[in-house]
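Data block below; observations after.
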């Protein structure tokens with residue numbers, strides 16, 4: 001069986017990781033590393049979520065998740081017959097939660113934003129024709145900003161970090177049988193410790209201070225598998241484990257004076273996200289794909305700054321081979337966001353019947 005379904009995986013590009021547990025965003029894919037020859041890609045994604053909760057039928061949060069965008073890019077080049085390199089740019093983690101200031105919800109005016117950009121440099125070495133090993137460094141730029149507003153307690157707290165630049169690493173191994181389009185890989189991404197300097201301000205008490213705190217960007221394992229099941233059909237499976245339990249956001253003034261002894265954000269469980277899909281060659285220039293992604297809800301009380309718990313996503317993709325070397329792929333997904341319960345001063349709020357529509361486009365070129 002020859003590889004008649006080359007690059008079908010590029011069709012499954014809609015942002016299925018956006019509502020994965022913790023602050024997952026891109027999924028930290030290394031797929032460009034396995035492209036042939038010299039290769040470049042650019043991608044852009046947009047997501048339009050609806051996440052709302054309520055204390056009672058008359059006290060509702062409104063939509064707290066805002067429409068957003070993120071991007072990615074990669075360059076790959078062979079250095080010799082057995083060695084190749086890739087540079088990958090992505091946004092591995094992120095968050096943007098905003099409670100409307102116009103509502104009667106107890107957290108009206110509360111918001112949280114986390115932004116990251118990662119640049120990974122990876123070297124791959126082939127051992128014979130079937131096995132390869134790879135490894136590299138990842139540089140992550142990150143920042144965050146939070147406002148906590150509790151009108152009933154006459155409390156307004158703000159925190160803004162500086163922009164930090166930190167290093168981590170990754171390594172992995174792959175096994176391939178090109179004649180049946182089989183490839184399986186396992187990638188370890190290290191955790192990254194970020195030491196933020198921050199400006200905290202308890203506005204309602206006119207109390208401000210420059211502080212610092214550490215955040216552990218989590219380590220993860222990515223398993224990816226693909227295999228041709230016919231001349232024109234490709235089976236794809238992936239699983240991603242992320243150690244979110246060690247990630248805590250603990251600004252000093254917040255834990256000392258706003259919510260004594262508590263973290264601003266923490267996560268009770270690690271997460272595993274699964275994806276299963278099929279790619280199908282439709283014509284000589286057109287391929288399609290369909291996939292389902294799933295993350296099991298934990299059932300734990302969620303943070304008010306991350307009021308989701310698990311998800312199921314249906315993903316469809318289409319790739320057009322415009323020329324022998326250039327292609328454009330698009331993907332769209334509909335995500336059913338898992339029900340979450342949060343705690344507000346001893347009262348339970350429920351976030352349910354939520355969803356997100358996501359769209360992505362990717363341009364690629366082989367030189």
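The values are calculated or read from the model by the stated rules, or taken from the named source; none is laboratory data. Quick caveat, the model's predicted, so the values are computed rather than measured. A quick note on method: Cβ atoms are made from the backbone with ideal geometry, for glycine too, and the neighbour counts reach across all protein chains shown.
Candidates are the residues of the range 263-277 that are in contact with a helix residue (DSSP H, G or I) (Cβ under 9 Å, 6 or more places away or on another chain) and part of a strand (DSSP E or B); the one that is farthest from residue 253 (Cα to Cα) is 277.
Being more than 18 Å from the chain's Cα centre (by Cα) and on the phi > 0 side of the Ramachandran plot is the requirement here; does residue 284 meet it? The answer is no for residue 284.
Residue-level check: of (1) at pLDDT 60 or above; (2) touching a helix residue (DSSP H, G or I) at 6+ places or on another chain (Cβ under 8 Å), residue 35 misses just (2). What about residue 358, is it part of a strand (DSSP E or B) and under 26 Å from residue 104 (Cβ atoms)? In short, no.
One line per residue, one yes/no per condition, for (1) under 23 Å from residue 186 (Cα atoms); (2) at pLDDT 95 or above; (3) loosely packed, with under 15 Cβ neighbours inside 10 Å; (4) in contact with a strand residue (DSSP E or B) (Cβ under 8 Å, 6 or more places away or on another chain):
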{"position": "220", "(1), (2), (3), (4)": "yes, yes, no, yes"}
{"position": "224", "(1), (2), (3), (4)": "yes, yes, no, yes"}
{"position": "228", "(1), (2), (3), (4)": "yes, no, no, yes"}
{"position": "239", "(1), (2), (3), (4)": "yes, yes, no, yes"}
{"position": "248", "(1), (2), (3), (4)": "no, no, no, yes"}
{"position": "255", "(1), (2), (3), (4)": "no, no, no, no"}
{"position": "258", "(1), (2), (3), (4)": "no, no, no, yes"}
{"position": "261", "(1), (2), (3), (4)": "no, no, yes, no"}
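Residues in the range 248-269 that are within 20 Å of the chain's Cα centre (by Cα) and in contact (Cβ under 8 Å) with a residue 40 or more places away in the chain: 249, 265, 267, 269.
Restricting to the range 72-97, name every residue that is exposed (fewer than 15 other Cβ atoms within 10 Å of the Cβ) and either part of a loop (DSSP other than H, G, I, E, B) or under 20 Å from the mean Cα position of the chain (by Cα) (or both). Correct list: 79, 80, 81, 82. Among the candidates 211, 161, the residue that is surrounded by 18 or more Cβ atoms within 10 Å (Cβ to Cβ) and over 20 Å from residue 86 (Cβ atoms) is uniquely 161.
Tell me which residues, restricted to the range 25-57, are over 30 Å from residue 126 (Cβ atoms), part of a loop (DSSP other than H, G, I, E, B) and in contact (Cβ under 8 Å) with a residue 40 or more places away in the chain. 25, 51, 52, listed by residue number.
Out of the residues in the range 172-187 that are assigned to a strand (DSSP E or B) and loosely packed, with under 15 Cβ neighbours inside 10 Å, state the one that is modelled with the highest pLDDT.
175
Restricting attention to the range 151-165 and to residues that are touching a helix residue (DSSP H, G or I) at 6+ places or on another chain (Cβ under 9 Å) and in a strand (DSSP E or B), the residue that is modelled with the lowest pLDDT turns out to be 155.
Being in contact (Cβ under 8 Å) with a residue 40 or more places away in the chain, assigned to a strand (DSSP E or B) and in contact with a helix residue (DSSP H, G or I) (Cβ under 7 Å, 6 or more places away or on another chain) is a condition met by at least one residue of the range 299-318. The residues of the range 129-157 that are crowded, with 19+ Cβ neighbours inside 10 Å and under 30 Å from residue 66 (Cα atoms), listed by number, are 138, 140, 142, 144, 146, 147, 148, 149, 150, 157. Return the only residue of 275, 289, 298 being surrounded by fewer than 22 Cβ atoms within 10 Å (Cβ to Cβ) and either over 24 Å from residue 221 (Cα atoms) or at pLDDT below 90 (or both). Just a single option satisfies the conditions, and that option is 298.
Within the range 324-343, the only residue that satisfies the criterion of being surrounded by fewer than 16 Cβ atoms within 10 Å (Cβ to Cβ) and either farther than 29 Å from residue 289 by Cα or in contact (Cβ under 8 Å) with a residue 60 or more places away in the chain (or both) is 343.
Just one of the numbered conditions (1) touching a strand residue (DSSP E or B) at 6+ places or on another chain (Cβ under 8 Å); (2) at pLDDT below 95; (3) surrounded by 15 or more Cβ atoms within 10 Å (Cβ to Cβ); (4) farther than 21 Å from residue 220 by Cα is not true of residue 126: (2).
Screening residue 107 with (1) over 21 Å from residue 346 (Cβ atoms); (2) modelled with pLDDT under 95; (3) buried (at least 22 other Cβ atoms within 10 Å of the Cβ) gives one miss only, at (1). Checked against (1) closer than 23 Å to residue 138 by Cβ; (2) surrounded by 14 or more Cβ atoms within 10 Å (Cβ to Cβ); (3) modelled with pLDDT under 90, residue 55 meets all criteria but (1).
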